[in-house]
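Written below as structure tokens is the structure these notes are about.
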Amino acid sequence: MAALVVTLAAIMLSGVVAPLLLIGVAVLLPAAVAGVVRELSRIALLLSLPLAISVVLVNVFFFPAGETVLLRIGPIVATAEGLRFAVEILLRLAAISGAIVLFYLSTRPGDLVIDLEARGVSPRLAFVANASVQTVPTMVERAADIAAAQRARGLDSEGSPWARVRGLLPLVAPVVLGSIAEVEERTMALEARAFTRPGRRTLLWRPADSRGQAVARWLLVAALPLLIGLRAAGWLAWLG
Amino acid sequence: MLELDGITYRYAGAPRPSMHEVSLTLADGEVVGIVGASEAGKSTLCLVAAGLAPRTVGGSLSGRVLLDGHDAAPLAMHQLAERVGICFANPATQLSRVTATVYEEVAFGPMNLGLPRGEIIDRTGAALEALGVADLAEREPARLSGGQQQLVAVAGLLAMHPQHLVLDEPTAQLDPAGTQLVAEALARLAADGASILIAEQKTDLLAQICTRIVALEAGRIALEGAAADVLADERLTGLGVALPGSVRIRRLAEAASLGSPQRDKLATALATLDAPA
């Protein structure tokens, strides 16, 4: 819920101060409480880096309304207006990726599935939601195993960037095909454990949900229309 | 009773069937071992017996699979899962990956069956104890070794209390102690009346728990009979199957021309080795 609200808020809030406040209060503060600031920063940076690079290049050098020239390289001109806009977008991106990574780091997939099921979501749907989250670390582990096996057979995948790119190619097919082959056996194993049985499963437990957490959720839900209203009324302009 | 009646099965897109006219009956409480070289059809036989082929795997099947005398074809997969359990060789693909602890992983199947909480707790505890993994109950399944994961997978299967059990190389990743735990658990299940079909390379394990052995070659039954007879059959080696240690030692003793009293002593010792735990 918090990740969703932060993401929507980041989209709605413009300027520099508001997204900074959002990152500080809604991402870094809870991450510090959970003790995952370093891991969150690393993963969020890796996750948003490709998009961030393109945002900076496109906006700094090709901002249509740019007038104040900061730098000129032949026909390409970097403008102050473009830089400011790029910073605004980067802050929103940081808030969104930070919120998503915080959710990933602070929520056990099993807890999510059980809680979704307890709230009436179909076990199949909950399983798909969880499997999507779980696929990434599984594929990373598989890629590491295959890379080690390829290196043992003489593949040079370290050193120069070109060698690393070349080393990636023999990894792609075994990682993707291996994952697809595993899916079939995994499906059979799930079917053999009656996962496709219609009706509700018996749940042995539910994740703890304190009154404080419930109140925080409702406050977050209430904050969204409030933000939309303030933005529509132009009362958030002072944060820009 | 689990019965395969004239089964011929071809995988989708395969030029020829992987199984030809195979008929096999497992009485309640009977443990039947399947042996054969790679590609002999052991895994295919397991998939057919468990109802996964062609339901999930696809392909075409002729012949019938009968459960307690009734055709299994009209049953949905989840109905079949309540009666026939299957375990594969690769533990990594058998874990649900949605559970945080071994306890939840073993309880996953009974939870899917919608059983009462008390019964799930009883079954899960008993299965964990039977496979010697009760001390792993709070561990994360994904962080276990391959052998431990396999024991957890078998425990998850046992917790579903299927009447019929199909196991495709369930001890492939297990050390001797783990293999022995599986053997003991299967022997107990058979004693309680479950029929068990087990494809396995470890003939020592089969000698310990099986009443009957079926040897496959190119999708056909090449040898079938009482476990002691088939596992001592000269033709088994030609089918790509290693003879059990006890049979090899007995042959060595015969080749070394040991006297009758020594041979009898050795035979008694070997019988103790082969006896079900």
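The values are calculated or read from the model by the stated rules, or taken from the named source; none is laboratory data. These numbers were taken from a predicted model, which means no experiment stands behind them. With ideal geometry, Cβ positions are generated from the backbone for all residues, glycine too; neighbour counts draw on all protein chains shown.
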For this session: Scan the stretch A:194-218 for residues that are among the small types (G, A, S), assigned to a loop (DSSP other than H, G, I, E, B) and surrounded by 12 or more Cβ atoms within 10 Å (Cβ to Cβ) and jot them down.
Result: A:A194
For this session: Answer yes if at least one residue in the stretch A:153-169 is crowded, with 16+ Cβ neighbours inside 10 Å, modelled with pLDDT of 75 or more and either in a helix (DSSP H, G or I) or of a type in the set (G, A, S) (or both), and no otherwise.
Result: no
Exercise. Which of the residues spanning the stretch B:51-92 are of a type outside the set (F, W, Y), farther than 18 Å from B:E3 by Cβ and crowded, with 22+ Cβ neighbours inside 10 Å?
Worked result: B:A81, B:C87, B:P91
Exercise. Across the stretch A:102-143, what is the total count of residues that are more than 12 Å from every other protein chain (Cβ to nearest Cβ), surrounded by 14 or more Cβ atoms within 10 Å (Cβ to Cβ) and of a type in the set (S, T, Y)?
Worked result: 2
Exercise. Hey, among the residues in the stretch A:219-240 that are part of a helix (DSSP H, G or I) and over 16 Å from A:A2 (Cα atoms), which one's nearest to the other protein chains (Cβ to nearest Cβ)?
Worked result: A:I228
Exercise. Would a scan of the stretch B:224-234 turn up a residue that is in a helix (DSSP H, G or I) and surrounded by 22 or more Cβ atoms within 10 Å (Cβ to Cβ)?
Worked result: yes
Exercise. Within the stretch A:101-148, how many residues are among the small types (G, A, S) and either farther than 25 Å from A:L204 by Cβ or not in a helix (DSSP H, G or I) (or both)?
Worked result: 6
For this session: Kindly indicate which of B:A269, B:A191 is without any contact (Cβ under 8 Å) to a residue 40 or more places away in the chain and over 28 Å from B:A40 (Cβ atoms).
Result: B:A269
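The rows are residues; the columns are (1) within 9 Å of chain A (Cβ to nearest Cβ); (2) surrounded by fewer than 23 Cβ atoms within 10 Å (Cβ to Cβ).
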site	(1), (2)
B:Q94	yes, no
B:V102	no, no
B:L113	yes, yes
B:R123	no, yes
B:A127	no, no
B:G132	no, yes
B:D135	no, yes
B:E138	no, yes
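Yes or no, residue by residue, for (1) small (G, A, S); (2) under 21 Å from the mean Cα position of the chain (by Cα); (3) at pLDDT 90 or above:
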{"site": "B:V65", "(1), (2), (3)": "no, yes, yes"}
{"site": "B:M77", "(1), (2), (3)": "no, yes, no"}
{"site": "B:A126", "(1), (2), (3)": "yes, yes, yes"}
{"site": "B:V133", "(1), (2), (3)": "no, yes, yes"}
{"site": "B:P141", "(1), (2), (3)": "no, no, yes"}
Problem set entry | Tally, over the stretch A:52-91, of residues that are within 24 Å of A:M12 (Cβ to Cβ) and exposed (fewer than 14 other Cβ atoms within 10 Å of the Cβ) | 3
Problem set entry | Condition broken by B:R55, with the remaining ones in (1) closer than 30 Å to B:L136 by Cβ; (2) within 14 Å of chain A (Cβ to nearest Cβ) satisfied | (1)
Problem set entry | Members of the stretch B:6-18 that are part of a strand (DSSP E or B) and surrounded by fewer than 14 Cβ atoms within 10 Å (Cβ to Cβ) | B:G6
Problem set entry | In the stretch B:72-92, the residues that are more than 8 Å from chain A (Cβ to nearest Cβ), more than 22 Å from B:A190 (Cβ to Cβ) and touching a residue at least 12 places away in the same chain (Cβ under 8 Å) | B:L75, B:P91
For this session: Would you check which residues across the stretch B:19-44 are among the β-branched types (V, I, T) and in a strand (DSSP E or B) and list them?
Result: B:V22, B:T25, B:V31, B:V32, B:I34, B:V35
Exercise. Which one of these does A:A181 not meet: (1) exposed (fewer than 15 other Cβ atoms within 10 Å of the Cβ); (2) within 28 Å of the chain's Cα centre (by Cα); (3) away from every other protein chain (no Cβ under 14 Å); (4) modelled with pLDDT under 80?
Worked result: (3)
For this session: May I ask you to verify whether B:A215 is crowded, with 23+ Cβ neighbours inside 10 Å, touching a Leu at 6+ places or on another chain (Cβ under 8 Å) and in contact (Cβ under 8 Å) with a residue 40 or more places away in the chain?
Result: yes
Problem set entry | helices (runs of 4 or more DSSP H) completely within the stretch B:45-145 that count 1 or more residues being under 20 Å from A:F127 (Cα atoms) | B:77-81, B:102-112
Exercise. Just to be sure, is B:A159 within 14 Å of chain A (Cβ to nearest Cβ), within 16 Å of the chain's Cα centre (by Cα) and not aromatic (F, W, Y)?
Worked result: yes
